[in-house]
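Asker: Structure below; questions to follow.
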Amino acid sequence: MSTQEASGIFDMLGPIMIGPSSSHTAGVVRIGRVMHGLLGGAPEVVKVTFYNSFATTFRGHGSDRAVIGGLMGWAPDDVRIREALAEADRLGLRYEFDPVVSSAKAHPNTLRIWAQRGELVHEIEGISRGGGLISIVSIDGLHTNFTGQLPTLCVWALDVKGSIAFLSAILAYDQVNIGTLTVSRRAKEDLALQVYELDEAPRPESLQYVQSLPWIRRALLLSPV
């Protein structure tokens, strides 16, 4: 279950940011910050694939520095973004950029990030929609559709019957409203990814309880980016 709202005129005015383009810098920072949240910190190894419009402008518009800054947890208005590559080099963060022009990508401002931190590895695909707004459309090859503007609960769980109703009841008990919900799996009874965009964060005790359930492989609350 998911809906994607169109960008409004006030959204398109753009955020306070470092860089020349809300799409190519601020939005890219936020996509990088989503990965930072998934990994629980800055990655050690990164490969970023820039598609279409990004592929031809990522250096000139600073998208390379923006994504690395986001991966290090910096906000779109952090002045350090201008020197993000130098800082990454100083910290020993290994990164690679791959520009690709592909007719398979419907949105021109699409990027894919593969990143590793210790034994934890994730891959996300994100779209920069303009005005600094983003959509994360996949995590580890599984469909999602969230904006990063709200607290977002990501749950990797066994494909157990009633799991969505169970988790929704926990959130309801905390009086937490679900804004959007996407559920994706590779096959029946395979590991499923549930992504809940929430109007507010659940209680830490509730998150700890969810993490303790035997059929939950991982549960992570992402802060707004």
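FYI, it's all coordinate maths here, none of it is from the lab. Here the structure is a predicted model, which means the values were calculated and not measured. Cβ sites come from the backbone with ideal geometry, for glycine too, and all protein chains shown count toward neighbours.
Asker: Which value in nm describes the separation of the simple spin-label points at GLN211 and TRP156, placed 7 Å from the Cα toward the beta carbon?
Answerer: 1.5
Asker: Follow-up question, since we're still on this one. Run the helix sum for the chain: -39,500 (n - 2.57) per DSSP H stretch of 4+ residues, divided by residue count, reported at 222 nm to the nearest 500 deg cm²/dmol.
Answerer: So the helix-based figure for the chain works out to -7000 deg cm²/dmol.
Asker: Another question, if that's okay. Simple spin-label model, 7 Å along Cα-to-Cβ: VAL45 to ALA172 in nm?
Answerer: 4.5
Asker: Follow-up. Quick one: length gained pulling SER223 to ASP190 fully straight, 0.36 nm per residue minus the C-alpha distance?
Answerer: Separation in residues times 0.36 nm, less the Cα-Cα distance, equals 9.2 nm.
Asker: Please give the length that would be gained between ALA106 and ASP89 if that part of the chain were fully extended, namely 0.36 nm times their separation in residues minus their C-alpha to C-alpha distance (nm, one decimal).
Answerer: Result for the pair: 2.8 nm of gain on full extension.
Asker: For THR56 and VAL79, what does the FRET efficiency come to when R0 = 35 Å and r is the distance between their Cβ atoms, rounded to the nearest 0.05?
Answerer: 0.85
Asker: Using only Cα atoms, what is the ratio of the radius of gyration of the chain to 2.2 N^0.38 Å?
Answerer: That ratio works out to 1.01.
Asker: What is the set of long-range amide H partners of ASP98 at a cut-off below 5 Å, with H atoms built 1.01 Å from backbone N?
Answerer: Residues meeting the amide H criterion: VAL48, THR49, PHE50.
Asker: Treating the Cα atoms of segment 38-171 as identical point scatterers in vacuum, please give the log10 of the normalised Debye intensity I(q)/I(0) at q = 0.16, 0.18 Å⁻¹, two decimals.
Answerer: With no solvent term, the Cα-only Debye profile gives -0.89, -1.09.
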